[in-house]
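Quick notes on the structure that follows.
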Amino acid sequence: MAVDIASLIHKGGVFMDISGDTPEMVYRQICDSMQLPSDITANTIYNALCAREKVMSTAVGNGIALPHSRMPILTNEDEQRICVVYLKEPMDMKAPDDCKVSVMFILLTANPETHLQVLSTLVSLFQKKEFKKLLENKAGEAELLAAIRGL
C-alpha cells in the first residue's frame, strides 16, 4: 500500500517562520504547537526528536532536514503525520552538502515500514525541481498538497 504523503502533511500541519538557534529550540516550539494523539505528550515527541538528533544530524542536504524518532512512538497508524516546518532563519545542522536547513519535515510514524515508505516518497519529491521551488518559496499547506497530489 502506497503512503499518502499529502494526507500525512495535512494531519501534521505546516508551520511558518519558526525561530530557533538550535534544532532543540525548534523542536520545543513545534512539539508544544502540534496536535497530538491523546496518549502522546509533547515532551515524549520532543525527547525522541532530540535523542535522534544527538546520534546524527537529520539534515539531508538541499536545505532540508527529516527529524524523526529512532523508534516509532505512535501506536495507531491513523495518528501518523508529517509536520512541515519552515524556519525563520536557515540553521546549520551539519548537512552533508554544508547547506543550512530552511525546512524540516518532522516524521511521526507508527512502524518502520511506513517510515521507510515516507522517506522514500519524500526523497522522490525533493528531487523534483518544481517541488524544491515550492519549498524555497515557503509554500503553504494548500499549495504543497496540491503539488504533491499533482505529481
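Per atom type, the chain shows carbon and sulfur on 51% of its accessible surface, probed at 1.4 Å.
Pairs from the table (94/138; 100/133; 54/133; 88/133; 88/132) lying more than 20 angstrom apart at Cα are 94/138; 54/133. Relative contact order of the chain: 29 percent, from C-alpha pairs under 8 Å at least 6 residues apart in sequence.
Roll a 1.4 Å probe over the protein chains and send me the accessible area per residue for segment 110-151 in Å². Heavy-atom SASA per residue in segment 110-151 reads 59 Å².
Computed over the chain, the Cα gyration tensor eigenvalues convert (square root of 5λ each) into semi-axes of 20, 19, 15 Å, ordered from largest to smallest. Under a Gaussian network description of the chain, with springs only between Cα atoms under 10 Å, the residue in 97, 39, 17 that fluctuates furthest is 39. Applying 1/(1 + (r/R0)^6) with R0 = 30 Å to the Cβ-Cβ distance of residue 113 and residue 17 gives a FRET efficiency near 0.35.
Solvent-accessible area per residue in segment 1-77 equals 53 Å², computed with a 1.4 angstrom probe and all protein chains kept.
The values are calculated or read from the model by the stated rules, or taken from the named source; none is laboratory data. All figures in this text were calculated on a predicted structure; none of them were measured in a lab. Heads up, the Cβs are rebuilt from the backbone with ideal geometry, glycines too, and the neighbour counts pull from every protein chain shown. Remember, those area values only see protein heavy atoms, side chains included, never the ligands or the DNA or RNA. Shrake-Rupley method; radii C 1.70, N 1.55, O 1.52, S 1.80 Å.
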